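Participant: First, the structure itself, so that you have it in front of you.
The values are calculated or read from the model by the stated rules, or taken from the named source; none is laboratory data. As the structure is a prediction and not an experimental result, all values here were calculated from the model. Every residue, glycine as well, gets a Cβ built from its backbone with ideal geometry; the counts of neighbours run over all protein chains shown. Heavy atoms of the whole protein, side chains included, go into the accessibility calculation; ligands, DNA and RNA do not. Shrake-Rupley method; radii C 1.70, N 1.55, O 1.52, S 1.80 Å.
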Amino acid sequence: MHGDTMNSSRHESDFLVIGSGIAGLTFAINASQLGTVNIVTKKKEFDSNTNYAQGGIASVLSPDDTFESHIEDTLRSGAGLCNRASVEFLVRKGPDRIKELVEWGTRFSTSESSRGSQNLDLGREGGHSHNRIVHATDLTGREIERALLDKISRIPRIRIFEDHTAIDLLTEHQLKKPAGYYRRQKNRKVNCHGAYILSNRTGEVMIFNAGITFLATGGVGQVYLHTTNPDIATGDGIAMAYRAGALIADMEFIQFHPTTLFRKDSVGRCFLISEAVRGEGAVLKNTRGERFMEKIHPLKDLAPRDIVARAIDSELKRLGDSHVYLDITSKKKSFLQKRFPNIYEQCLEDGIDISADPIPVVPAAHYLCGGIVSDLDGKTTIENLYVSGESACTGVHGANRLASNSLLEGIVFSHSAFLAIRNEMARSKAPARIPDYPPWNREGTFDFNEWVLVKHDMDDIKRLMWDYVGIVRSDMRLQRAHKRIMFLAEEIHSYYRKSIVSSRVIELRNLATIAKLIIRSAIMRRDSIGLHYNTDHKETDSETANVVLRTGYQPRFIRLEKTNPMDGKWVKVPANPAQPK
Ligand code: FAD
Ligand code: SIN
């Protein structure tokens, strides 16, 4: 076991956790039983998607509910592309992990049972056939972060580095090897030994070495113009893993949340109106006051998200409107203030009393179903590199995530990764030697100080993704998006190579990679399924499989559930790639 050693430019610990949301923090707490843990996080410790989660965590906790029902709801929502074994694992392990969060100090909302005892209050959300959403009013994520960070502050083996941004993973590719080395080592797996980390305060780039590196960097919402995600959601972990050669899958499945507060001329983060509001009886209406979900799905306003978001999009286009309405005026003010204190207050600040007025809403980018391919133990295709949470593609979401299954995925797979690592550590005698990685190379870089260029490129990416790779796609829009992103990505790459590294430049580089991965996956999938809807291919192809990406190779269709993704032939991308097939 390593001590938590450091000098000014090198840190060493048994575990390096990148990200301080639910996936990273729950893993760190358990891993600290096995050794020292360094957590790096690019802003403040609570800055994460987790912190904004409203609705709650789905789990089977009511005697009226069953595992089979939660499994079926998840599979139905995933439109045939879920991995059944992963879904069963997710659902069956859920209740113990919720219990653990409570033991660690999370205070979920309770309600009185008929026998007078206090039980967890279980809400309802779209696509669920039972009430099974554990929540802390409408501030579930904030309460979870508070409890986990409070627990961590009492564990001396865990150290949190705020304002530290991971740039790239340390794998053998960073070591200088003679030409042809990797070709000769064909079947040798790549190992991860930590990451290059930038201190956003001092500008220094340090080496953080670790026996195990755990990626928990969250989602990609910032690649879109309108998103519920905070600034941190730039897909850094996925882009880093892709560059290091890990397999990535299902990137075309971007979930748009149907209901965010509509504000005229607003750009940037959108305030979410939780699906739990519809779970308590809110209904969607167009600007003529007509309910439109009744004609579209038997679950009406509580249909799965892809269906509700598309129905709103179609209503906006049909009537030429900028928003629809969500109406919860059937509920009393006192109930709404208690159940949704955050939403009630935020809307009031915008001049809307939700007990009297319908809420103007629009869809916004919310969640990435795909990510870094991993197994039930959170293992990626790179040795000693694990992943959990929104950055992972475990196969539980398929083509469309069921509401409130994301926080659940984070706690379940972070725990299974801990168990697998504990078993492995018990079996192996000595930790593997970590090679001596070269310090960060600043040669040939300058402080351009050209923020206007960075901002411009970021805006261009967000706008092109929103306009061409949104809720409804077409071949022409995707081809146009591809052409533009290839040009932008090249420009950004060359700027990155010449610039002194900074968090904004790192994020810009990663956003360009993420946009490319989403667009290439969307072009590959020539049918419509779940969250991917292409007006030129409206049918669902029942033989369809996952789109899997690997750096340097053409994307491939692989049914991840049934095939080892490393088997078979990967076709190299030509040096100067034309349009992807
Ligand atoms: P995050 O919580 O996003 O944490 C990622 C961490 O990685 C952050 O600390 C970030 O700073 C850090 N990081 C990123 N890049 C770097 C880097 N390069 N270097 C260092 N650190 C880095 N899901 C549900 O199941 N139920 C809900 O009710 C729900 N509500 C939601 C409401 C909103 C508004 C949003 C945005 C999402 C919601 N989701 C919900 C989705 C869910 O919150 C996320 O999928 C989940 O929290 C992701 O957890 P995570 O730990 O994987 O990532
Ligand atoms: C919400 O509260 O509507 C968000 C739930 C989720 O994304 O799972």
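Participant: If you count the DSSP beta bridges with both ends in the chain, what percent of them are antiparallel, to the nearest 5? If you can, show how the numbers build up before the last one.
Facilitator: Details: 46 of 73 bridges.
Roughly 65 percent of the beta bridges in the chain run antiparallel, per DSSP.
Participant: In whole Hz, what ³J(HN,Hα) sequence does the stretch 23-31 give by Karplus (6.51, -1.76, 1.60; θ = phi - 60°), x for Gly and Pro?
Facilitator: Values per residue, Gly and Pro as x: 5, x, 5, 5, 5, 4, 4, 5, 4 Hz.
Participant: Quick one: ranking R142, R473 by accessible area, 1.4 Å probe, largest first, what do you get? Provide the component values of the computation, followed by the final result.
Facilitator: Details: R142 130, R473 0 Å².
Heavy-atom accessible area, descending, gives R142, R473.
Participant: What part of the accessible area of the chain, given as a whole %, is carbon or sulfur when the probe is 1.4 angstrom? It would help to have the intermediate numbers written out before the result.
Facilitator: Working: 11980 of 24250 Å².
The computed percentage sits at 49.
Participant: Compute the separation of the alpha-carbon centres of the stretch 454-504 and the stretch 286-337 and state it in Å as a whole number.
Facilitator: One Cα centre to the other: 32 Å.
Participant: Still on this model: Cα convex hull of the stretch 418-573: how many Å³ per residue?
Facilitator: That works out to 188 Å³ per residue.
Participant: So for the stretch 288-394, averaging the separation of alpha carbon pairs under 8 Å that are six or more residues apart and normalising by length, what relative contact order in percent results?
Facilitator: Numbers: 105 pairs, mean separation 20.1, N = 107.
After rounding, I find 19 percent.
Participant: Then there is this: With r as the distance between the Cβ atoms of I352 and R463 and R0 = 35 Å, compute the FRET efficiency 1/(1 + (r/R0)^6) and round to 0.05.
Facilitator: About 0.80, to the nearest 0.05.
Participant: Lys/Arg Cβ at +1, Asp/Glu Cβ at -1, dipole of the stretch 23-152 taken about the Cα centre: which of I39, S59, G94 is farthest positive-ward?
Facilitator: Of I39, S59, G94, it is I39.
Participant: Beyond 20 Å, what share of the Cα-Cα pairs of the stretch 245-366 is found? Please give it as a whole percent.
Facilitator: Taking all Cα-Cα pairs of the stretch 245-366, the fraction more than 20 Å apart is 43 percent.
Participant: Using a Cα-Cα cut-off of under 16 Å, which lysines could be cross-linked to K177, ignoring same-chain neighbours fewer than 8 residues away?
Facilitator: K186, K189
Participant: While we're looking at this one, here's another question. Placing +1 on the Cβ of each Lys and Arg and -1 on the Cβ of each Asp and Glu in the stretch 365-463, which of S404, L419, N449 has its Cα farthest towards the positive end of the resulting dipole?
Facilitator: Toward the positive end, the furthest listed residue is L419.
Participant: Let me ask you something else. Treating cross-link reach as a plain straight distance, find the aspartates and glutamates whose alpha-carbon is under 15 Å from the alpha-carbon of K429, omitting any fewer than eight places away in the same chain.
Facilitator: Excluding near neighbours in sequence, the set is D14.
Participant: Amide H neighbours of F161 under 5 Å, counting only residues 5+ apart in sequence or on other chains, H built in-plane at 1.01 Å?
Facilitator: I39, V40, T41
Participant: Another one. Suppose R0 equals 35 Å; then what is the FRET efficiency for F446 and M476 from their Cβ-Cβ distance, rounded to the nearest 0.05? Working shown, then result.
Facilitator: Details: r = 40 Å, r/R0 = 1.13.
Efficiency computed from Cβ-Cβ geometry: 0.30.
Participant: May I have the pair-distance distribution P(r) for the chain, computed from all Cα-Cα distances with 10 Å bins from 0 and rounded to whole percent?
Facilitator: Per 10 Å bin, starting at 0, the Cα pair percentages come out as 3, 18, 29, 28, 16, 5, 1, 0.
Participant: Give, rounded to the nearest 20 debye, the magnitude of the charge dipole that the stretch 303-349 has about its Cα centre when Lys and Arg contribute +1 at Cβ and Asp and Glu contribute -1 at Cβ.
Facilitator: 280 debye
Participant: Also, quick follow-up: Where does helix 305-319 land angle-wise versus the long Cα axis of the chain, in degrees 0 to 90, nearest 10?
Facilitator: The angle comes out at about 60 degrees.
Participant: Now, a different point. Just to be sure I understand: if I project the alpha-carbon convex hull of the stretch 12-141 onto a plane and average over all orientations, what area do I get in nm²?
Facilitator: On the way: hull surface 39.0 nm².
For the Cα atoms of the stretch 12-141, the hull's average projected area reads 9.8 nm².
Participant: I would also like to ask the following. Could you tell me the extents of the stretch 373-468's C-alpha atoms along the three principal axes, largest first, rounded to whole Å?
Facilitator: Its Cα atoms span 52, 44, 18 Å along the three principal axes.
Participant: A further question follows. With an 8 Å cut-off on Cα pairs and a minimum separation of 6 or more residues, tell me the relative contact order of the chain in percent. Write down the numbers at each step before the final one.
Facilitator: On the way: 1247 pairs, mean separation 111.0, N = 581.
Relative contact order, the chain: 19 percent.
Participant: Another one. Mind giving me the nanometre distance, one decimal, between the label points for N119 and V102, set 7 Å out from Cα along Cα→Cβ?
Facilitator: 1.1 nm
Participant: On a straight-distance basis, which lysines could pair with K562 in a cross-link, Cα separation under 18 angstrom, same-chain partners fewer than 8 positions away excluded?
Facilitator: Qualifying lysines at Cα under 18 Å: K379.
Participant: Considering only protein heavy atoms, what per residue accessible area in square angstrom results for the chain with a 1.4 angstrom probe? Let's see the in-between values first.
Facilitator: Numbers: 24250 Å² over 581 residues.
In whole numbers, the chain has 42 Å² accessible per residue.
Participant: Hey, for a label at S129 modelled as a point 7 Å past Cα toward Cβ, could you say which residues of the stretch 53-73 have their backbone N under 18 Å away?
Facilitator: Answer for the stretch 53-73: 58-73.
Participant: Would you please give the FRET efficiency between Q33 and F67, computed as 1/(1 + (r/R0)^6) with r the Cβ-Cβ distance and R0 = 35 Å, to the nearest 0.05?
Facilitator: FRET efficiency, Q33 to F67: 0.80.
Participant: Still on this structure: Once each part is reduced to its C-alpha centroid, what is the distance from the stretch 383-439 to the stretch 71-90 in angstrom?
Facilitator: About 19 Å separates the Cα centre of the stretch 383-439 from the one of the stretch 71-90.
Participant: Can you check how the C-alpha radius of gyration of the stretch 68-160 compares to 2.2 N^0.38 Å, as a plain ratio?
Facilitator: That works out to 1.30 for the stretch 68-160.
Participant: Show the residues, 5+ positions off or on another chain, whose built amide H is closer than 5 Å to the amide H of C270.
Facilitator: Amide H neighbours of C270, under 5 Å, 5+ apart: T227, T228, N229.
Participant: Here's another thing I want to ask about it. What does the charge dipole of the chain about its Cα centre add up to, to the nearest 20 debye, if the Cβ of each Lys and Arg holds +1 and the Cβ of each Asp and Glu holds -1? Numbers along the way, then the final one.
Facilitator: Values: 78 positive and 71 negative charges, 303 e Å.
Dipole about the Cα centre, nearest 20: 1460 debye.
Participant: Shifting gears a bit: Treat each spin label as a single point 7 Å out from the Cα along the C-beta direction, and report the E204 to K455 distance in nm.
Facilitator: 3.1 nm
Participant: On a 21 Å Cα-Cα criterion, which of the cross-link pairs K264/K285; K99/K333; K462/K483; K264/K462; K317/K538 come out too long?
Facilitator: Working: K264/K285 19 Å; K99/K333 32 Å; K462/K483 15 Å; K264/K462 18 Å; K317/K538 18 Å.
Flagged as over cut-off: K99/K333.
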